[in-house]
Amino acid sequence: MFEFLIYLLTFIIGSILGLLYSYKQHGEPFVVKGLNVVMCVVSVIGWVLAINCQFSQSLIAIGLLLAGFVMGERPGYGRMETLVGIVAAVIVYLIMHLI
């Protein structure tokens with residue numbers, strides 16, 4: 001039960017940090033500029049750690065922090081990066097469990 005509280009807190013902290021970072025980076029209203037490669041890498045790492053590290057609670061917490069960081073950006077930003085991260089994590093999960 002305690003580990004779920006840690007997961008929830010790290011995700012919320014990541015979301016807050018992502019929102020603060022996003023407002024610092026993007027002062028303008030939402031403008032589609034394509035895929036942000038750095039945030040895409042952070043999202044892939046975060047989602048892969050959160051979904052595929054079943055035996056390490058600290059790696060799951062770090063993954064949720066990174067995933068929350070990307071998901072917590074200003075509205076409109078980070079949505080494509082989050083989608084790429086989730087798809088990559090599901091592919092890794094399927095590869096690990098089908099082989």
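For region 46-90, which positions are surrounded by fewer than 17 Cβ atoms within 10 Å (Cβ to Cβ), small (G, A, S) and assigned to a helix (DSSP H, G or I)?
S58
Determine which single condition T10 fails, assuming it passes every other condition in (1) more than 17 Å from V84 (Cβ to Cβ); (2) open to solvent by less than 60 Å² (accessible area, probe 1.4 Å); (3) at pLDDT below 95.
Unmet for T10, out of (1) more than 17 Å from V84 (Cβ to Cβ); (2) open to solvent by less than 60 Å² (accessible area, probe 1.4 Å); (3) at pLDDT below 95: (3).
The values are calculated or read from the model by the stated rules, or taken from the named source; none is laboratory data. Being a predicted model, the structure only gives us computed values, none of them experimental. Cβ: placed from backbone, ideal geometry, glycine included. Neighbour counts: every protein chain shown. Areas reflect the complete protein model, heavy atoms only, side chains present, ligands, DNA and RNA absent. Shrake-Rupley method; radii C 1.70, N 1.55, O 1.52, S 1.80 Å.
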